Amino acid sequence: MSENPYEPRRGDPARGGGPRLQPRGLDRPPVDPQAAEVFGRPAGVTGSFDDEQRRRSAQGVQHAGGTRGAAPPPALTEAFGRSPEDAGVILQRPPGDDEQADDDAEKPLWGEQGDPWRDPGAPVALSEPALRDEPEDDDEKPQRRRGVALSLTEVVLGGRLRRSSAVICAVVVLLVGALGGFVGWYIADQGNELGKDVTLAQIGSGKQRPPGTVAKTVEEVVPAVVSIEIQSGSGGGFGSGVVIEEDGYILTNDHVVAPAAENSQAKLTAVFTDGTRAPAKIVGRDPKTDLAVIKVNVRNPTVIQIGKSADLAPGDPVIAVGSPFGLENTVTVGVVSAVNRPISAPSESGEGTVVYDAIQTDAAINPGNSGGALVDSRGALVGINSLIRTVTNERQEGGSIGLGFAIPVDQAIEIAESLMRNGKVAHPELGVQAASVAANTSEGARVQNVVPGSAAARAGIKEGDVIIRVGERMVRNAAELTVAVRAHDVGQQVPVKLVREGREIVTTVKLGSDDPDTGR
């Protein structure tokens with residue numbers, strides 16, 4: 001006996017069985033008889049319609065359930081009904097007539113080659129791109145169709161403005177812009193009263209000159225160096241000087257001011273770098289060292305810094321500042337060639353011989369540099385330019401050959417202070433006349449004459465003795481004997497080594513003075 005699936009099933013709980021509920025019944029509303037008559041199946045038909053049933057319906061045959069419906073109107077039957085010639089023709093092709101139908105059918109629209117764009121059965125994706133082979137001959141190549149060229153008005157204004165109108169608009173815009181620029185410039189130029197008739201201040205050079213450079217050193221030194229002019233009748237001379245005191249004291253060479261000292265009608269003038277001219281007067285002279293001091297009455301002159309010549313060594317850079325040949329503020333650069341170089345030259349005044357321990361330099365020094373400054377790299381005064389060694393021609397003309405000499409500032413300042421205090425200088429003196437000599441065993445200064453009552457006479461020095469040392473300094477010639485003696489003070493006792501008949505003798509000498517008022 002089969003089990004009703006819609007009834008509750010009771011099974012063994014151990015087998016997983018349990019009560020089963022019957023499915024809920026379908027809610028079938030009542031069928032409208034009229035709708036059932038139109039849409040319902042014919043009586044006795046449970047499947048799809050067949051041709052026999054359709055023919056019956058077309059002929060208005062009643063089914064078991066009643067009539068299928070009223071016959072269509074005659075007008076529709078005439079319009080859409082079958083003609084007598086089409087009786088028995090059906091749309092479906094009879095079985096077995098495929099080959100005959102294919103032969104009698106028209107060729108399809110997509111042709112024998114099979115156009116994929118017309119064939120509805122063509123695959124979606126194409127195997128190769130639909131491209132044509134390019135012809136090898138250039139003449140056979142199809143000409144590319146050029147696009148239509150667009151004008152500026154068509155690009156900018158979309159072709160809605162004529163070319164002549166566009167040109168007129170451009171000209172108007174330019175005129176308006178030029179007029180606006182001119183009006184703006186005129187207003188700015190006329191309205192800014194602060195910018196009218198203004199003279200701009202001059203500014204200095206943008207080049208930086210750090211301390212220690214030659215340009216910076218010269219910039220600081222030049223205002224303290226003056227040009228000295230001497231006017232005597234129809235003649236005259238020139239030289240240089242250095243301001244050493246704020247009261248207007250200027251240190252220079254004796255041979256620069258000697259013409260003015262010898263002629264009371266001569267006019268002595270100091271010219272500063274800013275063009276200021278001031279008359280000068282002689283304070284004191286020392287022909288033996290070729291130094292002199294003059295004074296000018298000016299307010300707040302630039303005073304040079306005083307250095308120390310004892311610290312100089314060959315090779316140190318130096319700068320010479322002066323007025324060679326009357327050319328003010330001339331600067332030459334060189335090095336110290338030698339120190340403690342004894343130099344002797346005839347005095348301009350004829351009062352003996354000029355002798356001093358010089359600084360030799362290769363900085364160019366020419367006539368007119370005399371009395372000017374020789375400064376070190378810091379701008380400190382280390383010497384007073386005085387002499388040059390030169391080669392003259394037939395007309396006795398010569399120039400710098402790189403052998404210039406300056407008086408060491410250590411000696412120059414000491415003499416200048418004495419001249420400013422007393423107007424004169426007292427030098428220590430040995431009391432002999434000597435000449436340079438060279439022997440087989442020694443070099444030195446040979447004594448030619450001993451002044452009676454002098455320091456040398458009191459010390460027992462005789463004619464013919466060769467002095468080779470004074471104090472700690474070796475004597476190699478007559479000039480060096482003079483500078484060695486002047487390196488000491490008047491009245492100082494100094495050991496002197498000499499050679500007499502081949503024997504070295506050391507004697508002590510109390511130095512005298514060349515000033516008659518001081519005494520020997």
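The values are calculated or read from the model by the stated rules, or taken from the named source; none is laboratory data. Model, not experiment: these values are computed from the prediction. In this analysis, Cβ positions are derived from the backbone assuming ideal geometry, glycine residues included, and neighbour counts consider all displayed protein chains.
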Residues being under 46 Å from the mean Cα position of the chain (by Cα) and not in a helix (DSSP H, G or I): count how many of those fall in the stretch 217-248. 14
Quick check on the stretch 489-520: of everything there that is within 18 Å of residue 451 (Cβ to Cβ) and touching a Leu at 6+ places or on another chain (Cβ under 9 Å), which residue is surrounded by the most Cβ atoms within 10 Å (Cβ to Cβ)? 509
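Is it true that some residue in the stretch 424-433 is modelled with pLDDT of 95 or more and in contact with a helix residue (DSSP H, G or I) (Cβ under 7 Å, 6 or more places away or on another chain)?
Pass one, the stretch 424-433, residues modelled with pLDDT of 95 or more: none.
Within the stretch 424-433, not a single residue is modelled with pLDDT of 95 or more and in contact with a helix residue (DSSP H, G or I) (Cβ under 7 Å, 6 or more places away or on another chain).
Can you find even one residue in the stretch 500-517 that is hydroxyl-bearing (Ser, Thr, Tyr), within 60 Å of the chain's Cα centre (by Cα) and under 27 Å from residue 284 (Cβ atoms)? Show your work before the answer.
Here is the first cut: in the stretch 500-517, the ones hydroxyl-bearing (Ser, Thr, Tyr) are 507-508, 513.
Checking the rest, the ones that are also within 60 Å of the chain's Cα centre (by Cα) come to none.
No, the conditions are met nowhere in the stretch 500-517.
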Going residue by residue through the stretch 224-237, is there one that turns out to be closer than 19 Å to residue 384 by Cα and modelled with pLDDT under 90? yes
Subset of the stretch 310-358 [part of a helix (DSSP H, G or I) and buried (at least 17 other Cβ atoms within 10 Å of the Cβ)]: 324
Quick one: would you say residue 473 is over 30 Å from residue 294 (Cα atoms) and touching a helix residue (DSSP H, G or I) at 6+ places or on another chain (Cβ under 6 Å)? yes
Selection count where residues are in contact with a Ser or Thr (Cβ under 9 Å, 6 or more places away or on another chain), surrounded by fewer than 24 Cβ atoms within 10 Å (Cβ to Cβ) and of a type in the set (A, V, I, L, M, F, W, C), scope the stretch 250-269: 3
